[in-house]
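All remarks here apply to the structure that follows.
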Amino acid sequence: MDILLVGGLWLDGSVWGRVASALEALGHRPVPLTLPGQGDGLVSATLDDQVAAVLAAVDSAPGKPMVVGHSAACTLAWLAADRRPEGLAKICLIGGFPSADGQPYADFFEVRDGVMPFPGWGPFEGPDAADLDEEARRKFAAAAPPVPAGVTKGVVRLTDERRFDVPVVVVCPEFTPAQAQEWINAGDAPELAQAQHVDFVDIDSGHWPMVTKPTELARILAEAADRP
């Protein structure tokens, strides 16, 4: 199966390198995406541009792909389900939940000169970054492309209720499946509360398992793709 790999904020397609190699060894075709504005220097990129890039990858797949979204890009995976509800095998959400219709995509941190730079490690101290040593943190921050404001402040638009029929796998890194289910039940992830098929998988990592647990993450993704 084609497995489209979509990183969250401040990530380009290269972050999936070791995951992609492991997925190939497991018999799948990984397609890491570098999103417009995140690694290509296009500071004018918008949320619509990123959605279009994901949909182009979906449409280019020879069969129904699985779309993997990480962190903020869980919303991009969900938007793919909204735009192509009959064209996806399933979606996989790593370390995040999709935004609802009418919400901003990722208006989380300060925008400077039209972009949202990586804010440093302060906001991520604790479980998010506990498994990243100083060298890993330095490399991450040095490579992190700032995200255009046209992306982060873009408004999510969801229109097709068939998205709720697309199977969803929630990979839980810095939180547990039980916590994820509790948040959904409490109304903190209203889109997933309406999804008809949601499975949860635990991974013992921080917020970036593609960096710290790539082989284990690849195994989880391959198993998700292999399940009917």
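The values are calculated or read from the model by the stated rules, or taken from the named source; none is laboratory data. As the structure is a prediction and not an experimental result, all values here were calculated from the model. Here Cβ is always computed from backbone atoms with ideal geometry, including for glycine, and neighbour counts include all displayed protein chains. With ligands, DNA and RNA removed, areas are computed over all heavy atoms of the protein, side chains included. Shrake-Rupley method; radii C 1.70, N 1.55, O 1.52, S 1.80 Å.
Here are the numbers for the structure shown:
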| quantity | calculated |
| --- | --- |
| All positions within region 188-213 that are surrounded by fewer than 20 Cβ atoms within 10 Å (Cβ to Cβ) and over 30 Å from A136 (Cβ atoms) | P190, A193, Q194, Q196, H197, V198 |
| Conditions (1) under 20 Å from P145 (Cβ atoms); (2) among the aliphatic types (A, V, I, L, M); (3) assigned to a loop (DSSP other than H, G, I, E, B); number of the one not met by L76 | (3) |
| Residue match in region 204-225 (condition: of a type outside the set (V, I, T), in contact with a Lys or Arg (Cβ under 7 Å, 6 or more places away or on another chain), assigned to a loop (DSSP other than H, G, I, E, B) and over 27 Å from R83 (Cα atoms)) | yes |
| Residue in region 9-24 that is buried (at least 17 other Cβ atoms within 10 Å of the Cβ) and on the phi > 0 side of the Ramachandran plot present | yes |
| Pairs with Cβ under 6 Å, 6+ apart, first in region 171-191 and on the phi < 0 side of the Ramachandran plot and charged (D, E, K, R), second part of a loop (DSSP other than H, G, I, E, B) and open to solvent by less than 60 Å² (accessible area, probe 1.4 Å) | E174/D128; E174/G206; E174/H207; E191/P98; E191/A100 |
| Some residue of region 59-70 being touching a Ser or Thr at 6+ places or on another chain (Cβ under 8 Å), closer than 22 Å to R219 by Cα and open to solvent by 40 Å² or more (accessible area, probe 1.4 Å) | no |
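Each row is one residue, and each column tells you yes or no for (1) touching an Asp or Glu at 6+ places or on another chain (Cβ under 9 Å); (2) assigned to a loop (DSSP other than H, G, I, E, B); (3) β-branched (V, I, T); (4) closer than 17 Å to H28 by Cβ.
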site: A56; (1), (2), (3), (4): no, no, no, no
site: K64; (1), (2), (3), (4): yes, yes, no, yes
site: V67; (1), (2), (3), (4): no, no, yes, yes
site: A72; (1), (2), (3), (4): no, no, no, no
site: A80; (1), (2), (3), (4): no, no, no, no
